[in-house]
Amino acid sequence: MTTTASRSHEEFFLDPQRCIGCHACEMACAECETNGQLAMIHVDYVDRAMSPQTSVQVCMHCEEPTCARVCPADAIAKDELGVVHSANAARCIACSNCVLACPFGVPKKIEPMKLMMKCNLCYDRTSAGRRPMCATVCPSGALWYGPRERMASMRPNSSPVNEFRFGLQKVRTRVNVMMPKGSTELVVDGTEAP
Amino acid sequence: MLSTLNLRALGWALLASALLAASVVAGSRNLQNFDGALAAYLFATLFAAFGIVYRYAVWLQRPPTRLYWRAGWRLLFSPRFPAYLAELARRLVDELALQRFIWKRSPKRGLAHVLLAWGCLSAFAITVPLVFGWVHFTLKAGTIDVYEAHLLGFHAFDFPLGGFVALNLFHALNWSSVLVLLGVFGFLRRRITDAGQISTQTFEMDLMPLVLLVLISVTGLGLTWDYELMQGRAHPFMAISHAITVILFLLWLPFGKFFHVFQRPAQLGVALYQREGEAGEQAVCPHTGEAFASRMHVEDLKQVTAELGYDYRLAGGGSHLDLSPQGKRAALAKAHLAARTESGAFFG
């Protein structure tokens, strides 16, 4: 297959409020060659009893990935492009540390395979200059991949944010979340209604 | 380089190498049964032992690895010893011998891995005692067609040359080579046809190990080919090329992909930990209201993340890690909605 370099000027932008819960991204995600035909993206009802709100979550590819640091088997690695990869299949011992420690709730453990798998930014595509599968099919723009300037012109009243605070912990990510204009971080501090 | 040397690991590695060297001297009866032609293999094996123990000891010092290492042994020798021993035995067969979990990833991968793994393990089981001088053969006194096998210098058994036992004993490494080659070609096929593998694999971690195994197996088979069909004319070339490939493999063993062979048994300790967790209190997610992991695991992870420099404690008490993965995703979505709501526009 084509092995051109990743386009470093292209970034992933996530806007959960735009998610309409159509699950097209899930279907597309399962087509990603690196996932073994399993969908790694999460589409959730946020609180089904109270609201029809849905949300979508891809791996945010943290600068200091908690999943990799808590892995007892050194199975999770971040590469030079800033992509945090699925667990190395030869090393993963299926302990679930990454599943429980990821602040975004992203990794999935496939118990029969004794293997953690997660979104790896469609590495087969993005490393070859193509967009991730989910971003190619999202009809509402909740998932978008491309140049930052293009996103700025499309969403003039939003700012891309890649800094998060979970309680006392700050997390910087490769993937951006679209926030109200001027925002610099998204705070998740436990005050959200359970 | 010296500043990054891990002294504790160095100590364990030196001790292991010294013990191994001592066992070679003792097992070969002061080297009288040691085959000098195999000296290069011996030194490469000693280096591999040093490197493996060093890396393993460093690995065990990482907080999450240390957690499972200690918990695994503590649980095994707890009052539930009989139950956990039975669990270990079951998983030893199921996960390490039969490798069922790899078959679940794909039947072709499972088959290839079992062939490759057992080919390699059987080859090691045969060659290591020979290299160490723990096993050697002599012609039985007064005969010209009976061999004696000796183990650690003690007579073990006799077998006639040309018989079934001799054929399989002298060709056992060839059978191992065939298993390895079948497994390697299964994996090579996957690595050159699977687009996902092609995009993520690296030469040194994924392809070189397979190429090395092919070279070891082919040169090993070449030794038999040489003495069976070429009257030994190519023996120096075959012997040296085989030695070079095997020694490269041994020297690289602590650093490359094959280190996973030594890491994999950690899966057994994890299994005991999870079984202990299932029997105890469960952590219930404040968002979903459902149990999602053992309380012990969640609390241990809080400790491990703290040791690693993360602080997921919430200002109002509790921890972000008290949430299940689904709860964490919901918390993020709610925080995002709250920010959008506060700004006066859901979109922008």
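See the values below:
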read-out: Long-range neighbours under 6 Å by Cβ, at least six apart or interchain, first residue closer than 13 Å to B:L210 by Cα within segment B:167-196, second open to solvent by 30 Å² or more (accessible area, probe 1.4 Å) and of a type in the set (D, E); value: none
read-out: Number of the condition not met by A:M154 [criteria: (1) more than 7 Å from chain B (Cβ to nearest Cβ); (2) within 21 Å of B:L321 (Cα to Cα); (3) open to solvent by 10 Å² or more (accessible area, probe 1.4 Å)]; value: (2)
read-out: Among (1) of a type outside the set (A, V, I, L, M); (2) under 16 Å from the mean Cα position of the chain (by Cα); (3) buried (at least 21 other Cβ atoms within 10 Å of the Cβ) - the single one A:N97 does not satisfy; value: (2)
read-out: Any hit, segment B:108-124, residues being without any contact (Cβ under 8 Å) to a residue 60 or more places away in the chain and farther than 30 Å from B:N33 by Cβ; value: yes
read-out: Answer from A:C29, A:C22 - the residue that is at pLDDT 95 or above and open to solvent by 30 Å² or more (accessible area, probe 1.4 Å); value: A:C22
read-out: Count - residues of segment A:172-194 that are more than 9 Å from chain B (Cβ to nearest Cβ), β-branched (V, I, T) and surrounded by 14 or more Cβ atoms within 10 Å (Cβ to Cβ); value: 2
read-out: Considering residues of segment A:98-129 that are touching a strand residue (DSSP E or B) at 6+ places or on another chain (Cβ under 9 Å) and over 17 Å from A:K78 (Cα atoms) only, the residue nearest to the other protein chains (Cβ to nearest Cβ); value: A:G105
read-out: Residue that is nearest to B:P209 (Cα to Cα), among those in segment A:84-94 that are more than 7 Å from every other protein chain (Cβ to nearest Cβ) and within 16 Å of the chain's Cα centre (by Cα); value: A:A87
read-out: Residue within segment B:45-57 that is out of contact with any Cys (no Cβ under 6 Å at 6 or more places or on another chain), open to solvent by 30 Å² or more (accessible area, probe 1.4 Å) and not in a helix (DSSP H, G or I) present; value: no
read-out: Single residue of segment B:269-296 satisfying the filter (touching a residue at least 24 places away in the same chain (Cβ under 8 Å) and open to solvent by 60 Å² or more (accessible area, probe 1.4 Å)) that is farthest from the chain's Cα centre (by Cα); value: B:P286
read-out: Selection within segment B:58-90 - hydroxyl-bearing (S, T, Y) and either under 15 Å from B:F262 (Cα atoms) or buried (at least 16 other Cβ atoms within 10 Å of the Cβ) (or both); value: B:T65, B:Y68, B:Y84
read-out: Residue, most open to solvent (accessible area, probe 1.4 Å), within segment B:303-337, restricted to residues that are more than 7 Å from every other protein chain (Cβ to nearest Cβ) and hydrophobic (A, V, I, L, M, F, W, C); value: B:A306
read-out: Elements of type helices (runs of 4 or more DSSP H) in segment B:216-324, at least 1 residues being not assigned by TED's automatic domain parsing to the domain that holds B:T127; value: B:266-279, B:295-307
read-out: Failed item in (1) part of a loop (DSSP other than H, G, I, E, B); (2) open to solvent by 10 Å² or more (accessible area, probe 1.4 Å), with A:E163 passing the rest; value: (1)
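Results for (1) in contact with a Pro (Cβ under 9 Å, 6 or more places away or on another chain); (2) at the interface with another protein chain (Cβ under 7 Å from one of its Cβ atoms); (3) in a loop (DSSP other than H, G, I, E, B), shown as yes or no for each residue.
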position: A:A28; (1), (2), (3): yes, no, no
position: A:L38; (1), (2), (3): no, no, yes
position: A:V56; (1), (2), (3): yes, no, no
position: A:E64; (1), (2), (3): no, no, yes
position: A:C67; (1), (2), (3): yes, no, no
position: A:P72; (1), (2), (3): yes, yes, yes
position: A:A75; (1), (2), (3): no, no, yes
position: A:G82; (1), (2), (3): no, no, yes
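The values are calculated or read from the model by the stated rules, or taken from the named source; none is laboratory data. No experiment lies behind these values; they were computed from the predicted model shown. Neighbour counts run over all protein chains shown; Cβ positions are idealised from the backbone, glycine included. To get the accessible areas, we keep the full protein, side chains included, count just its heavy atoms, and leave off ligands, DNA and RNA. Shrake-Rupley method; radii C 1.70, N 1.55, O 1.52, S 1.80 Å.
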